[in-house]
Each structure stands twice: as C-alpha cells, then as structure tokens.
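I have placed the structure first, in the form of structure tokens, so that the comments after it can refer back to it.
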Amino acid sequence: MERVQKIEKAEKFRLALQLVGLAIFIYFGSQSTFYVVLLSIPVALLLGPVYCGWMCPRGMFQNVIGSMGKRVLGARYNKLVPKKLHKPLSCFRYVVLLFLLTAMVLHELRIIDDAIMESVVIDGLVVIMVLSILLSFFVDRAACRYFCKEGAAASLTNLVKIRKIRRDPLLCNSCGICDRVCPMWIDVSRKDVVRDTACISCMKCVQKCPVDALRVE
Ligand code: SF4
Ligand code: SF4
C-alpha cells in the first residue's frame, strides 16, 4: 500500500513537471526545448536525461496516447516493431540530430537560405515529431525511442552520468516487471547496471520493482 502511494505521488509530481514543461513550450515556442535540455545538463550529468523522463511535454502526450493504445490494443500494444529491429531503429534519432546540426551549419555558411531552413528543415522536423507522437498509440514512447533529436543529445549523458540504476542480484527474483514497465524497452532484469543510452531516467523500473532490487547509486 505504501509503495502504491509512493508511485502515485511520483506520477503526480511527474505530471506537474510535464505541465510546467508544456507551459514553457507554449510560451517560448518549440525551440525552447533545446535550451531547457541544455539547462538540465548539470542534473543529467548526475542522473541521466531526467528532462526526457520527467519534464518533456512530448513525453506527457505520448503517455496519454500510449495509455489509449494500451486500452484499445491490449496484448497487441508494442508489437509493431520487432525486437531485432528496435536497436537499429533507435539509431535513427541520432541521424535526425545530425541532419539538424548539418542544416544549421549550412545555414550559418549561407549555403542554404532562410526559406529552406524554415520550410524544409524546421517544418519537416515538426511533422516527424507530431507523427511519431501519434505513433505512440502503437509503440510506447515511439518519439523518444526513434525520432527525438533532443532526446538523442540528452541520451549521451547516460555514458557519463555519476549515479546509475543498479540491480541487486541477491534481491532480484527475475519477475520481469522492470522490463515490462520500461518505456524504452531495456532489459533491466538482465543487467547489473543500466548503462544504455536509451534510458530516459524515468525511474519506472525502480518504482515498480516489488522487492527494491533496483537502486540509484
Ligand atoms: S522488477 Fe525487480 S525483482 Fe523483478 S526482475 Fe526487475 S529487478 Fe528483479
Ligand atoms: S531503465 Fe528504468 S529509468 Fe531507464 S528508461 Fe527504463 S524504466 Fe526508465
């Protein structure tokens, strides 16, 4: 019961932060995400990309759309992408990031003009993001997993973060709950330490482990 209350409190806190993220997004525009991710880097160096797991409004929309998808599709949810394709597809978000950075450099060098930058690059990325958010009706956090450029940049902090999720093999009973609740499809139950760049530091695995075998240390 105490665990359920803790999880409910954490989810309310997450929702409150996501609403703050949404207010920033609406007030300052879509480019603000980039700067908020930059500002969150000190926390990310400690805990990983917490902005993605706790504050991103796009994450909030994906959670809402995803819960509708889970209700409608039941056991067919999350089956659109086969697991063997998941890893290579996850690299696509780095391609999107590289595409944007290249376009920005070319724009600075005046090789591409303002019109192309705005109508092709920026608008094209917005369309990709909207479609990928809608895709979360079929696949949990589809935008985060495969398309988000800010998530791609923030994910690199997983390589250097100071505190990591560690699994105590003596406490773990291999129930697999952590694997099932992980929105980024990480096999937490098979790892001693979660080092994946896919991790968005949402802490759902830690929250839901029934025997507290997962800790952030
Ligand atoms: S949820 Fe906890 S007990 Fe279950 S497999 Fe994961 S770490 Fe082990
Ligand atoms: S490993 Fe845990 S913290 Fe990381 S994305 Fe999966 S559930 Fe969230």
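Miscellaneous remarks
- Test: residue in the stretch 53-73 that is outside any helix (DSSP H, G or I) and out of contact with any strand residue (DSSP E or B) (no Cβ under 6 Å at 6 or more places or on another chain): yes
- Considering (1) surrounded by 11 or more Cβ atoms within 10 Å (Cβ to Cβ); (2) within 17 Å of the chain's Cα centre (by Cα); (3) not hydroxyl-bearing (Ser, Thr, Tyr), the lone condition that residue 6 does not fulfil carries the number (2).
- Filter result for residue 15 (open to solvent by 80 Å² or more (accessible area, probe 1.4 Å) and within 19 Å of residue 147 (Cα to Cα)): no
- Scope the stretch 31-47; condition surrounded by fewer than 13 Cβ atoms within 10 Å (Cβ to Cβ) and not in a helix (DSSP H, G or I); matching residues: 31
Each row is one residue, and each column tells you yes or no for (1) farther than 23 Å from residue 13 by Cα; (2) outside the structural domain of residue 71 (by TED's automatic domain parsing).
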| residue | (1), (2) |
| --- | --- |
| 133 | no, no |
| 151 | no, no |
| 155 | no, no |
| 169 | yes, yes |
| 180 | no, yes |
| 187 | yes, yes |
| 191 | yes, yes |
| 204 | no, yes |
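- Qualifying positions in the stretch 191-217 - near ligand 2 (Cβ under 10 Å from one of its atoms), within 8 Å of residue 167 (Cβ to Cβ) and assigned to a strand (DSSP E or B): 214
- Residue 44 vs. criteria assigned by TED's automatic domain parsing to the domain that holds residue 104, at pLDDT below 95 and under 14 Å from the mean Cα position of the chain (by Cα): yes
The values are calculated or read from the model by the stated rules, or taken from the named source; none is laboratory data. This structure is a prediction, so every number in the text was calculated from the model and none was measured. Heads up, the Cβs are rebuilt from the backbone with ideal geometry, glycines too, and the neighbour counts pull from every protein chain shown. Ligands, DNA and RNA are stripped out before the accessible areas are found, and what is left, the full protein with its side chains, is counted by its heavy atoms. Shrake-Rupley method; radii C 1.70, N 1.55, O 1.52, S 1.80 Å.
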